[in-house]
Ligand code: ATP
Ligand code: MG
């Protein structure tokens, strides 16, 4: 982090020098709608190819050698300027998806709403997008289309780099590293905003949120990830526009859920999402049990689960998307089970099983859960019902259950929040796992109660 900061200060320091000296820098206020362009020459910034993915450089070079413009764009440039390791390297070019495909054997074209090319290098994917343009002059819906609420349902109108910059979300993401001369092109004051830690939407934030409401989630994610302040204009409309999130397809929201909760900033994101009424878009039923209940056990459990997840990521431990989902839906399941019991007269166990299905199905309508994760969540939930039943051989069988660890981890956090019997049960399982077989048998005997005697067979005479 210290290293990162020193690189960043150097870059920004040099950048100031550049801006002050004509010849190296160029300010072009003639760009459409006045989006300013600043160009930082190769000698005046520290973004180096040695910090980029080799595969990204290969793609940039091949596009360039074939006569196309090619830029590393967005988070890749932003994070290198900050001295961070970029999560991925995205490329923008004036080649069309088909032209890109002709250049790379290992290329796959994906996306309907936003068509782009994936160049595959083993496990690494380099995303290459054609520079986007404005929609006003589009003659055909086949390329660009908005629904009656202003949401972009298709965003495949191509344009030049100035137009592309205006189609990006935040100024700190409208940064382009040009492979032809190794300069950085920064639009809309992106470098100053990066230096000042300000997240600013390009254009009119209301229009941009309408076009793509996911930008509201992205504002929260970048604010916490980059430790930035969301500018007043960008921040102000979010709360009142949060209901637009309902229009986002469930599969896309699952992607955003993962980025928000499994990147080491789950707790900060959880708090901020709540502040902006956006938690509801990712966990509608969990938001319902929070309502009018701030600081209650539900809120405490959600925060603890986020904190534990962040700690695991900081310690390079594995995390699964299923854990937070299972934990966040546990209290909605308990609540739903009360309704089921009341309406059907089922006992608690059966009502909980029904509630698990209902809650899971209802959640998936808003935010999808890939099958392998929903199966794991179901295992974790049913283990909550089975872990109290330890008599006879049951405890040993449960210990061998493939998802025992995850179920036990959920019991642990519940115990920490709920105390009482749940905490005692969690403690029992903690001891049991680490005990010798002899002690385990003794523990089981104690929870099994007296053996029931079989009634003697009555002899038929
Ligand atoms: P990270 O990869 O660290 O999450 P990023 O900024 O690279 O951050 P990506 O989702 O990889 O984010 O997107 C790459 C770039 O594409 C962004 O920097 C931004 O310029 C642009 N972009 C992505 N999503 C949107 C969007 N919904 N609206 C406008 N521009 C977007
Ligand atoms: Mg990226």
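The values are calculated or read from the model by the stated rules, or taken from the named source; none is laboratory data. Just so it is clear, the structure is predicted and the values come from calculations on it, not from any experiment. Heads up, the Cβs are rebuilt from the backbone with ideal geometry, glycines too, and the neighbour counts pull from every protein chain shown.
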> Does any residue in the range 218-235 that is more than 17 Å from residue 306 (Cα to Cα) come within less than 6 Å, Cβ to Cβ, of a residue that is away from ligand 1 (no atom under 14 Å from the Cβ) and assigned to a helix (DSSP H, G or I) six or more places away or on a different chain, and which pairs are these?
Replying inline: none
>> Looking for something away from ligand 1 (no atom under 16 Å from the Cβ) and surrounded by 17 or more Cβ atoms within 10 Å (Cβ to Cβ) - is there at least one such residue anywhere in the range 71-85?
In response: no
>> I'd like the full set of residues that are under 15 Å from residue 332 (Cα atoms) and surrounded by fewer than 16 Cβ atoms within 10 Å (Cβ to Cβ), limited to the range 289-309.
In response: 291, 292, 293, 296, 297, 300
>> For the range 78-99, which positions are more than 19 Å from residue 263 (Cα to Cα) and either within 13 Å of ligand 2 (Cβ to nearest atom) or not assigned by TED's automatic domain parsing to the domain that holds residue 169 (or both)?
In response: 91, 92
> Only one residue in 286, 281 is crowded, with 21+ Cβ neighbours inside 10 Å, assigned to a helix (DSSP H, G or I), in contact (Cβ under 8 Å) with a residue 12 or more places away in the chain and within 16 Å of ligand 1 (Cβ to nearest atom). Which one?
Replying inline: 281
>> Among the residues that make up the range 54-70, is at least one of them within 13 Å of ligand 1 (Cβ to nearest atom) and either surrounded by fewer than 24 Cβ atoms within 10 Å (Cβ to Cβ) or not assigned by TED's automatic domain parsing to the domain that holds residue 171 (or both)?
In response: no
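Please specify each residue of the range 289-312 satisfying the condition of being outside any helix (DSSP H, G or I) and either in contact with a strand residue (DSSP E or B) (Cβ under 8 Å, 6 or more places away or on another chain) or farther than 25 Å from residue 365 by Cβ (or both).
The first filter runs over the range 289-312 and keeps only residues outside any helix (DSSP H, G or I), leaving 291-296.
294, 295, 296, listed by residue number.
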> In the range 203-217, what count of residues is obtained for those that are over 16 Å from residue 174 (Cα atoms) and either free of Cβ contacts under 8 Å to residues at least 60 places away in the same chain or in contact with a strand residue (DSSP E or B) (Cβ under 8 Å, 6 or more places away or on another chain) (or both)?
Replying inline: 6
> Within the range 355-376, how many residues turn out to be closer than 20 Å to residue 338 by Cα and surrounded by 18 or more Cβ atoms within 10 Å (Cβ to Cβ)?
Replying inline: 5
> Among the residues of the range 339-353, is there at least one that is closer than 30 Å to residue 217 by Cα, in contact (Cβ under 8 Å) with a residue 12 or more places away in the chain and assigned to a helix (DSSP H, G or I)?
Replying inline: no
> Checking residue 360 against (1) at pLDDT 95 or above; (2) closer than 25 Å to residue 426 by Cβ; (3) over 21 Å from the mean Cα position of the chain (by Cα), which single condition isn't satisfied?
Replying inline: (3)
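Applying the selection to the range 340-354, what residues are buried (at least 17 other Cβ atoms within 10 Å of the Cβ) and farther than 14 Å from residue 330 by Cα?
Residues satisfying the conditions are 340, 341.
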> Identify, please: which residue in the range 86-110 is surrounded by fewer than 15 Cβ atoms within 10 Å (Cβ to Cβ) and within 16 Å of ligand 1 (Cβ to nearest atom) and is, among those, nearest to residue 225 (Cα to Cα)?
Replying inline: 87
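Conditions (1) at pLDDT 95 or above; (2) under 22 Å from the mean Cα position of the chain (by Cα); (3) under 13 Å from residue 56 (Cβ atoms), marked per residue:
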| residue | (1), (2), (3) |
| --- | --- |
| 71 | yes, no, yes |
| 79 | yes, yes, yes |
| 88 | no, yes, yes |
| 91 | yes, yes, yes |
| 94 | yes, no, no |
| 100 | yes, no, no |
| 115 | no, yes, no |
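Residues are listed down the side, and each one gets a yes or a no for (1) touching a helix residue (DSSP H, G or I) at 6+ places or on another chain (Cβ under 6 Å); (2) more than 14 Å from ligand 1 (Cβ to nearest atom); (3) within 24 Å of residue 131 (Cβ to Cβ):
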site: 166; (1), (2), (3): no, no, yes
site: 170; (1), (2), (3): no, no, yes
site: 190; (1), (2), (3): yes, no, yes
site: 213; (1), (2), (3): yes, no, yes
site: 226; (1), (2), (3): no, no, no
site: 235; (1), (2), (3): no, yes, no
site: 242; (1), (2), (3): no, yes, no
